[in-house]
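Below you'll find the structure I mean.
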Amino acid sequence: MAEPLFIDRTIRYDIVAHCNLSCCGCSRVAPFVSANITPLSQFKNDLIFVSKYVNFRTLRIIGGEPLLSKDICSYLKFAKDIKFAQSVSLFTNGALLEQQQDEFWRLIDKLYVSVYPILKDKLNLRSIKEKADNNSVELIVDYSNDFFEHVIDYPIPTGKMIRNIYVACKDKRFCNTIHNGVLFRCATAPYIDEYLNKIGYNANIRFLDGLRLEEARNMTAKIYSYLFSDTPLNCCQYCVGSTGRKLKHRMLSKQEMSNPKRTKTMENSLSKKALWFGIIEENFRVIINRNVHVKRLLKPLLYLRRKIFFKGGRSPF
């Protein structure tokens, strides 16, 4: 069998669907998703299957809130042992970090902590940094004061606008996700049905948008073509991607989560500035990638820009 194809991207694995917070504007619509933890056996099967065909730069363990899994170390240990990616990172809101054992810190290469206003005074960041330093873990702390509109309640009215938003959307590159035996191009796709059904639709989109991880001819080519496709997903008609307007961070009430109302349209959720800036940036990126010499010269600047952008509260990774 041929060597796996290396794809220079981060791949996410949502081991926990739900979260211990209820953030308004969550791109994963976690406040509306039923509590579910991916079985360790499913996680292993998915990584074993994909690793036969492709490897990635980074495997990101995420949720929901991944630390809601009491067996988190078993997932991390397998991820490290299989060498599915060059490094293993974990995203968390930090609320459960103090409960983690020493083994947890030995099993991750990079830790992203999103510090939301509701947790800002509760997290012992000094202790977290000390544990990270003691275990040579790269720690990135993001003070997330703002969220952005993402999923909307009514379909985007025209195919042209869906296409424009898709071109500008960073999620198609930075949020590739494996979830329960299916590969998705973005992190919203696996969960959008559950949200749409809560507001009165009879949605069955997720199975149209994902690539099932099962044996087939030319599987390497299928995975590559799927991840790099320029065709919008079906769920894109209910999403403004990374072009949503800014929201002040807040927690949704129990009433808002149990009985959401249809209020979000493209018109009141989209940031036109983010849309057009995203289109320009994407076209610029395509031009750079086609010229290896220009790409080599500009790569340090683009990396620095991403770091600055991330520290500003909105992650492009």
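Taken together, the values in this text are just the output of simple stated rules run on the coordinates, not laboratory data. Since we're looking at a predicted model, the values are computed, not measured. Cβ sites come from the backbone with ideal geometry, for glycine too, and all protein chains shown count toward neighbours.
Given the convex hull over the Cα atoms of the range 43-185, what projected area results after averaging over all orientations, in nm²?
Mean orientational projected area (the range 43-185, Cα hull): 10.5 nm².
Looking only at the chain, where both bridge partners belong to it, what percent of the DSSP beta bridges are antiparallel (to the nearest 5)?
Working: 12 of 37 bridges.
DSSP beta bridges in the chain are roughly 30 percent antiparallel.
What trypsin sites (Lys or Arg not before Pro) does the range 13-54 have in DSSP loop regions with at most 16 other beta carbons within 10 Å? Can you show the working numbers first?
Details: sites: Arg28, Lys44, Lys52; in loops: Arg28, Lys52.
Hits after loop and neighbour filter: Lys52.
Looking only at Glu215, Glu194, Glu98, which one moves most when the chain is put into a Gaussian network model with springs between Cα atoms under 10 Å?
In this elastic network of the chain, the residue with the biggest mean-square fluctuation among Glu215, Glu194, Glu98 is Glu215.
Quick one: if you stick a label point 7 Å off each Cα along the C-beta vector at Lys120 and Glu103, how many nm between them?
3.7 nm
Give me a comma-separated list of calculated 3J(HN,Hα) values for the range 203-215, in order, Karplus coefficients 6.51, -1.76, 1.60 applied at θ = phi - 60°, integers in Hz, x for any Gly or Pro.
8, 8, 8, 4, 6, 7, 9, x, 10, 5, 8, 9, 4
Which helices, counted as full DSSP H runs in the chain, have an axial Cα extent of no less than 15 Å and a Kyte-Doolittle average of 0.0 or above? Don't skip to the answer; put the middle values down first.
Details: long enough: 40-51 (16 Å, 0.49); 72-82 (16 Å, 0.59); 272-290 (27 Å, 0.07); 292-311 (28 Å, 0.11).
Within the chain the helices that satisfy the rule are 40-51, 72-82, 272-290, 292-311.
DSSP loop (so not H, G, I, E, B), at most 15 other Cβ within 10 Å: list which trypsin sites (Lys or Arg not before Pro) in the range 72-119 pass both filters. Mind dumping the intermediate values first?
Working: sites: Lys77, Lys80, Lys83, Arg106, Lys110; in loops: Lys83.
Sparse-neighbourhood loop trypsin sites (Lys or Arg not before Pro): Lys83.
Moving on to the next point. Leu5's amide H: which non-local residues (gap 5+, or another chain) put their own amide H closer than 5 Å, with H modeled 1.01 Å from N in plane and none for Pro or chain starts?
Distant-sequence amide H within range of Leu5: Val54, Asn55.
Name the aspartates and glutamates eligible as straight-distance cross-link partners of Lys129: C-alpha to C-alpha under 20 Å, and not fewer than 8 places from it in the same chain.
Filter leaves Glu65, Glu98, Asp102, Glu103, Asp109, Asp121, Glu138, Asp142.
Right, something else. Counting only DSSP beta bridges with both residues in the range 85-243, what percent are antiparallel, rounded to the nearest 5?
40 percent
Between Val115 and residues 5 or more places away or on another chain, which pairs have amide H atoms under 5 Å apart, with H built 1.01 Å from N, and which residues are they?
Here Asp142, Tyr143, Ser144 satisfy the definition.
If Rh is defined by the Kirkwood formula over all Cα pairs and Rg also comes from Cα, what ratio Rg/Rh do you get for the range 16-126?
Values: Rg = 14.4 Å, Rh = 14.9 Å.
Dividing the radius of gyration by the Kirkwood radius yields 0.97.
Would you grab the residues whose amide H sits under 5 Å from the one on His179? Only those 5+ places off in sequence or on another chain, please, with H modelled 1.01 Å from N.
So His179 has HN proximity to Phe184.
How long are the semi-axes of the ellipsoid equivalent to the chain, from square roots of 5 times the Cα gyration tensor eigenvalues, in whole Å, largest first? Walk me through the numbers on the way to the answer.
Details: eigenvalues 145, 126, 94 Å².
Equivalent-ellipsoid dimensions as semi-axes: 27, 25, 22 Å.
Would you kindly state how much longer the chain becomes between Ser127 and Arg296 on full extension, computed as 0.36 nm times their sequence separation minus their alpha carbon distance, in nm to one decimal?
57.0 nm
Using only DSSP helix segments of four residues or longer, with each worth -39500 (n - 2.57), what per-residue ellipticity at 222 nm results for the chain after dividing by its residue count and rounding to 500?
Details: 13 runs with 120 residues, N = 317.
So the calculated ellipticity at 222 nm is -11000 deg cm²/dmol.
Which residues does the label zone of Asn20 cover in the range 121-137, counting backbone N under 13 Å from a point 7 Å along Cα→Cβ?
Residues 122-124 qualify, since their backbone N sits under 13 Å from the label point.
Quick one: compute the contact order of the chain, relative version, from alpha carbon pairs under 8 angstrom and 6+ residues apart, as a percent. Walk me through the intermediate numbers first.
Numbers: 562 pairs, mean separation 66.5, N = 317.
Reported as a whole number, the value is 21 percent.
Taking Lys272 as the anchor, which lysines have their alpha carbon closer than 22 Å to its alpha carbon, excluding any fewer than eight residues away along the same chain?
Candidates past the 8-residue exclusion: Lys160, Lys170, Lys172, Lys246, Lys248, Lys264.
Another question, if that's okay. For the range 214-287, which chymotrypsin sites (Phe, Trp or Tyr not before Pro) pass both filters: DSSP loop (anything but H, G, I, E, B) and at most 16 other C-beta atoms within 10 Å? Provide the component values of the computation, followed by the final result.
Working: sites: Tyr224, Tyr226, Phe228, Tyr238, Trp276, Phe277, Phe284; in loops: Phe228.
Taking the range 214-287 and a limit of 16 other Cβ atoms within 10 Å, the loop chymotrypsin sites (Phe, Trp or Tyr not before Pro) found are Phe228.
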